[in-house]
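The values are calculated or read from the model by the stated rules, or taken from the named source; none is laboratory data. As the structure is a prediction and not an experimental result, all values here were calculated from the model. Methodologically, a virtual Cβ is constructed for each residue, glycine included, from the backbone with ideal geometry; neighbour enumeration extends over all protein chains shown.
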Amino acid sequence: MGSVVPMLLEIQTAIRRDILGNCDETVVATLSDTLAPVDRLSIYRNTSRTALTNALRLNFPAVQRLVGEDFFTAAVDTFITREPPQTAWLDLYGEGFPEFLLGFEPVVALIYLPDVARLERAVGRALHASDGKSLEYSELLDIEPSDHGRVCFTPHPSVSLVFSPYPVDAIWRAVLARNDEALAAIDLSSGAVRLLVERRVGEIEITRMDVRRWKFAEALFAGRSLSAALAVADDPDATAWLAEHLAAGHFQEFTLSDAERPSFAAELPQ
Amino acid sequence: MRFQHHQAALDTRADVAWMEVHTENYMGGGSPIRNLEAIRRDIPISLHGVGLSLGSAEGLDQAHLDRIRQIAEHIEPDLMSEHIAWSVSGGTYLADLLPLPMTEEALAVVCRHADQVQSTLRRKILVENPSTYMQFRQSTIPEWEFMAAVAARTGCGILCDVNNIYVSAKNHGWDPLAYLAALPPDAIGEIHLAGHSARQLADGATLRIDDHGSRVIGEVWLLYEAALRRFGPVPTLIEWDQNVPPLDVLIDEARHADALIDVASDGVCRADAA
């Protein structure tokens, strides 16, 4: 506090610190009520914490059911203090929650939990990301054939790729369906899953991809050039896969990479 | 209206004059905004924001304001509103409508931001009086004068939350009728009603808390009648977004408000449910 009479900015900073759990005596000193200031501040603190907890509960429902309500509330309490939201658009709040769970000692035994959270974050993007425009195939027609290999795509914000060593899609479905029998039947050692999560009309679609398709998609979604993605895939069907991605609206726009013209022959789908 | 009401609203073409939604619930793409667009074809929509933080000393979140502008362009709402409060500090959204010290500095900040919002949206907005649970030593302006000054300086309208007036008046020892009397009738564009709860504090005092989780209490209905007498028949909304009841319960509350409007006027204006 730099002045005797705190200015608006100082008052708001002090209240923010208090609400986020760093009790700030400055704010108490600015209040004028006869009732205990701490009681009054706690109403705002509780409302804030409840609203943010509810937002994370909505954004990570399977994680919540896997660990139980009490444990979830305790975990997100720590997360909220560490990573409070930067915007009032709470639909996508919790971007760092999977990484937080990865380092959260009490859930280390649930080895698949951070990956379930990553899947839920991808589902959240599919549910809430802006519509934006999808890249139309016709927009690519003017590209010189010699430049096809330099094409780099920007994924649509509602589409995500999720890799996990565990069958997190099966876990997610069983948990949200409250199907304990299906959950118990899941074999954690059944092998890795490579998932494409996207928005379809009226629903979310999660598709398992084989290794070859995954490598190609992973390269494209990472913004690598078409030539590089084709080299990674090394499969004659890759051009057809690109056509499927374009038809499904998985990309938002394209650029031409500045890298040297690739030697690997690349053709856009006809 | 919340997401669980979308299908009922689409299926039944609910017999209401208009509906209000939280702007922040429609910021993304996908089905929520498409459902709202479909409902909008039959029912006028009011966009009620909770996250713009008009009272933040550090300025408005331009990205958030841009998202609000995009929704407004899609939905073409009949009304748009925000709060005399703040919720952003240090780039962090605190997810509550926090109270402002009622000072000339805060008044200037709110007016500057209301001007910015109205300029961006190219339309008039309404600003709502909050429920508050604490006051600041620095405050020099009564809240009712602060509200009137924002309207006078920026040309914005006032969303008069009658339950919030009652809650704050009880919490701080104000006269709720004097509060109503200080608001300029011409600026009142909408009225909110809601239920609230009462909590006993450790020192035995009672604090009333606006929680939108129950029916409107009798004393607030009486204050609402006084507001209608002063402001005339103003579009009225029942806020109920905790322990959300079925749509028919919301509409039943709205019917009661309608009846009071009919008494206060020729019934040219109707009340509806959130």
Qualifying positions in the stretch A:37-83 - more than 11 Å from chain B (Cβ to nearest Cβ), β-branched (Val, Ile, Thr) and crowded, with 17+ Cβ neighbours inside 10 Å: A:63, A:67, A:76
Could you give every pair whose Cβ atoms fall below 7 Å, whose first residue belongs to the stretch A:70-84 and is among the polar types (S, T, N, Q), and whose second residue is at pLDDT below 95, counting only separations of at least 6 or pairs across chains? A:81/A:20; A:81/A:21
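Strands (runs of 3 or more DSSP E) wholly in the stretch B:63-173 with at least 2 residues that are more than 9 Å from chain A (Cβ to nearest Cβ), among the aliphatic types (A, V, I, L, M) and touching a residue at least 12 places away in the same chain (Cβ under 8 Å) - which ones? It would help to see each step written out before you state the result.
Working: elements: B:79-83, B:86-89, B:92-98, B:126-128, B:157-161.
In the stretch B:63-173, B:79-83, B:126-128, B:157-161 are the strands (runs of 3 or more DSSP E) which contain 2 or more residues that are more than 9 Å from chain A (Cβ to nearest Cβ), among the aliphatic types (A, V, I, L, M) and touching a residue at least 12 places away in the same chain (Cβ under 8 Å).
Find the residue count for the stretch B:1-55, including only residues that are of a type outside the set (Gly, Ala, Ser) and modelled with pLDDT of 85 or more. Even if it seems obvious, please write down each step before you answer.
So in the stretch B:1-55, the residues of a type outside the set (Gly, Ala, Ser) come out as B:1-7, B:10-13, B:15-16, B:18-27, B:32-37, B:39-45, B:47-48, B:50, B:52, B:54.
Narrowing further to those that are modelled with pLDDT of 85 or more: B:18-27, B:32-37, B:39-45, B:47-48, B:50, B:52, B:54.
So the answer is 28.
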Options B:207, B:183, B:177, B:223; residue that is in contact with a Leu (Cβ under 7 Å, 6 or more places away or on another chain) and not hydroxyl-bearing (Ser, Thr, Tyr): B:207
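Report yes if residue A:139 is within 14 Å of chain B (Cβ to nearest Cβ) and either part of a helix (DSSP H, G or I) or of a type outside the set (A, V, I, L, M, F, W, C) (or both), otherwise no. Steps first, answer last, please.
Details: within 14 Å of chain B (Cβ to nearest Cβ): no; either part of a helix (DSSP H, G or I) or of a type outside the set (A, V, I, L, M, F, W, C) (or both): yes.
So residue A:139 fails the test.
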Scanning the stretch B:194-210 residue by residue, the ones that are farther than 23 Å from residue B:147 by Cβ, among the aliphatic types (A, V, I, L, M) and in a strand (DSSP E or B) total 1
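For every residue, the table says whether it meets (1) over 30 Å from residue A:255 (Cβ atoms); (2) β-branched (Val, Ile, Thr); (3) part of a helix (DSSP H, G or I).
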{"residue": "A:148", "(1), (2), (3)": "no, no, yes"}
{"residue": "A:162", "(1), (2), (3)": "no, yes, no"}
{"residue": "A:184", "(1), (2), (3)": "yes, no, yes"}
{"residue": "A:187", "(1), (2), (3)": "yes, no, no"}
{"residue": "A:197", "(1), (2), (3)": "no, yes, no"}
{"residue": "A:212", "(1), (2), (3)": "no, no, yes"}
{"residue": "A:230", "(1), (2), (3)": "no, no, yes"}
{"residue": "A:235", "(1), (2), (3)": "no, no, no"}
Could you please give the count of residues in the stretch B:49-60 that are over 20 Å from the mean Cα position of the chain (by Cα), within 7 Å of another protein chain (Cβ to nearest Cβ) and not aliphatic (A, V, I, L, M)? 1
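Can residue A:145 be described as in contact (Cβ under 8 Å) with a residue 12 or more places away in the chain, touching a Gly at 6+ places or on another chain (Cβ under 9 Å) and not polar (S, T, N, Q)?
Details: in contact (Cβ under 8 Å) with a residue 12 or more places away in the chain: yes; touching a Gly at 6+ places or on another chain (Cβ under 9 Å): no; not polar (S, T, N, Q): yes.
Judged against the criteria, residue A:145 is not a match.
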Somewhere in the stretch A:172-186, is a residue free of Cβ contacts under 8 Å to residues at least 24 places away in the same chain, charged (D, E, K, R) and within 14 Å of chain B (Cβ to nearest Cβ)? no
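Among the candidates A:51, A:55, A:62, which residue alone is over 23 Å from residue A:161 (Cβ atoms), part of a helix (DSSP H, G or I) and under 16 Å from the mean Cα position of the chain (by Cα)?
On the way: A:51 fails: under 16 Å from the mean Cα position of the chain (by Cα); A:62 fails: over 23 Å from residue A:161 (Cβ atoms).
None of the others qualify; the one that does is A:55.
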So, in the stretch A:84-117, of the ones that are under 21 Å from residue A:172 (Cα atoms) and of a type in the set (Ser, Thr, Tyr), which residue ends up nearest to the other protein chains (Cβ to nearest Cβ)? A:93
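Scanning for something of a type in the set (Gly, Ala, Ser), in contact with a Cys (Cβ under 9 Å, 6 or more places away or on another chain) and in contact (Cβ under 8 Å) with a residue 12 or more places away in the chain, does the stretch B:200-222 turn up at least one residue? Talk me through it step by step, then tell me what you get.
Quick first cut of the stretch B:200-222, residues of a type in the set (Gly, Ala, Ser) only: B:202, B:204-205, B:213-214, B:218.
Now restrict to residues that are in contact with a Cys (Cβ under 9 Å, 6 or more places away or on another chain): none.
No, that holds for no residue.
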Among the residues of the stretch B:107-119, is any within 22 Å of residue B:146 (Cβ to Cβ) and basic (Lys, Arg)? yes
Counting only residues that are hydrophobic (A, V, I, L, M, F, W, C) and assigned to a loop (DSSP other than H, G, I, E, B), which one in the stretch B:174-193 is farthest from the other protein chains (Cβ to nearest Cβ)? B:183
Expected output for the stretch B:249-262 (first residue in contact (Cβ under 8 Å) with a residue 12 or more places away in the chain, partner part of a helix (DSSP H, G or I), Cβ below 8 Å, 6+ apart or cross-chain) is B:256/B:221; B:257/B:224; B:260/B:221; B:260/B:224; B:260/B:225; B:260/B:228; B:261/B:228
Considering residues that are more than 24 Å from residue A:122 (Cα to Cα) and modelled with pLDDT of 90 or more, the number found within the stretch A:235-262 is 8
